[in-house]
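So the structure is just underneath, and the comments pick up after that.
Derivation of every value follows stated rules applied to the coordinates shown; laboratory data play no part. Here the structure is a predicted model, which is why all the values come from computation and not from measurement. In this analysis, Cβ positions are derived from the backbone assuming ideal geometry, glycine residues included, and neighbour counts consider all displayed protein chains.
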Amino acid sequence: MAPREPGPSVWDLPDPREAEPFEDVIGVGADLSPSTVLQAYRRGLFPMHVEEDLLGWWSPDPRGILPLESLRVSKSLRSSLKRFEITIDRDFAAVMRACAELPREHGWITQEFIETYCALHDLGWTHSVEAWDSAGRLVGGLYGIEVGGLFAGESMFHIERDASKAALVGLVDALSIGGSRLLDVQWATDHLVSMGAIEIRRDAYLDLLASALERPPVLSAR
């Protein structure tokens with residue numbers, strides 16, 4: 001089933017192509033309504049607070065992406081994959097809450113974020129990948145938003161070693177069925193670089209995004 005549009009946003013978000021090079025935050029304000037958030041991803045932006053009560057719209061330069069064909073699965077990870085059952089969209093809200101509960105210095109997943117992304121999930125836009133142990137416990141996962149051929153990963157968590165990596169492998173496997181995809185990871189952290197993520201300049205990302213948005217989604221069609 002095709003995702004359902006949430007309706008137009010009352011906000012006109014900035015164009016990342018007009019931002020200064022290497023400037024990550026290119027706008028502040030607006031709201032977290034599903035329509036505004038969806039507009040953001042289509043423009044190459046994503047929301048995250050820059051201060052407690054100030055919403056920022058981010059377009060990192062450089063941007064982290066993970067080319068599907070470049071995914072690196074180590075021998076130890078390949079062995080770990082056998083310990084998990086990987087599912088898609090079995091419990092989106094639980095995955096997002098688990099990501100929100102991670103102890104980190106700059107946590108951004110507020111209750112308002114959870115409500116917005118769960119609303120987008122109900123409309124068919126956001127998706128989760130879950131890793132379950134043999135006892136049926138949710139031990140890792142990730143979530144993000146799929147718009148056409150773009151999957152923008154937002155956050156991941158694990159409470160068992162390699163569980164989040166297993167979820168990422170499951171995501172790449174699912175996206176690869178649909179041919180060419182753009183897997184956006186925002187920033188190429190050491191963890192993601194070890195699995196094949198790279199950095200590209202913002203203009204190159206926006207060019208890839210424009211092409212990706214013309215393709216049909218994969219996860220929403222399941």
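Quick look at the values:
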{"item": "Contact order normalised by residue count of the chain, Cα under 8 Å, 6+ apart, percent", "result": "26 percent"}
{"item": "Gap separating the Cα centres of region 79-138 and region 162-222, nearest whole Å", "result": "17 Å"}
{"item": "Summed side-chain charge close to LEU171 - residues other than LEU171 whose Cβ falls under 11 Å, Lys, Arg +1, Asp, Glu -1", "result": "-1"}
{"item": "For the chain, size of Cβ-based charge dipole, Lys and Arg +1, Asp and Glu -1, in debye", "result": "1160 debye"}
{"item": "Amide proton proximity set for ALA188, modelled H, under 5 Å, gap of 5+", "result": "GLY64"}
{"item": "Per residue convex hull volume, Cα atoms of region 1-154, in Å³", "result": "147 Å³"}
{"item": "The chain - mean residue ellipticity at 222 nm from DSSP helices (-39,500 (n - 2.57) per run, n ≥ 4, rounded to 500)", "result": "-8500 deg cm²/dmol"}
{"item": "Diffusion constant of region 70-215 at 10 °C, which comes from Stokes-Einstein with the Kirkwood Cα-pair radius and 1.306 mPa s, µm²/s", "result": "101 µm²/s"}
{"item": "Peptide ranges 53-59, 189-195, 170-176 listed from the most packed, as the mean C-beta count within 10 angstrom indicates", "result": "170-176, 53-59, 189-195"}
{"item": "Contact order normalised by residue count of region 1-78, Cα under 8 Å, 6+ apart, percent", "result": "30 percent"}
{"item": "Placed amide H near ILE159: partners under 5 Å, 5+ positions off or other chain", "result": "GLY140"}
{"item": "Whole-Hz ³J(HN,Hα) from phi, Karplus 6.51 cos²θ - 1.76 cosθ + 1.60, for region 162-169, glycine and proline x", "result": "6, 5, 5, 5, 5, 5, 5, 4"}
{"item": "Calculated from backbone phi, Karplus (6.51, -1.76, 1.60) coupling profile of region 27-36 in Hz, x at Gly/Pro", "result": "x, 9, x, 6, 8, 9, 5, x, 5, 5"}
{"item": "Residue-count net charge about VAL73 - beta-carbon cut-off 13 Å; Lys, Arg +1, Asp, Glu -1", "result": "+2"}
{"item": "Karplus-derived 3J(HN,Hα), 6.51/-1.76/1.60, for each residue of region 95-103, Hz, glycine and proline x", "result": "5, 5, 5, 5, 5, 5, 7, 4, x"}
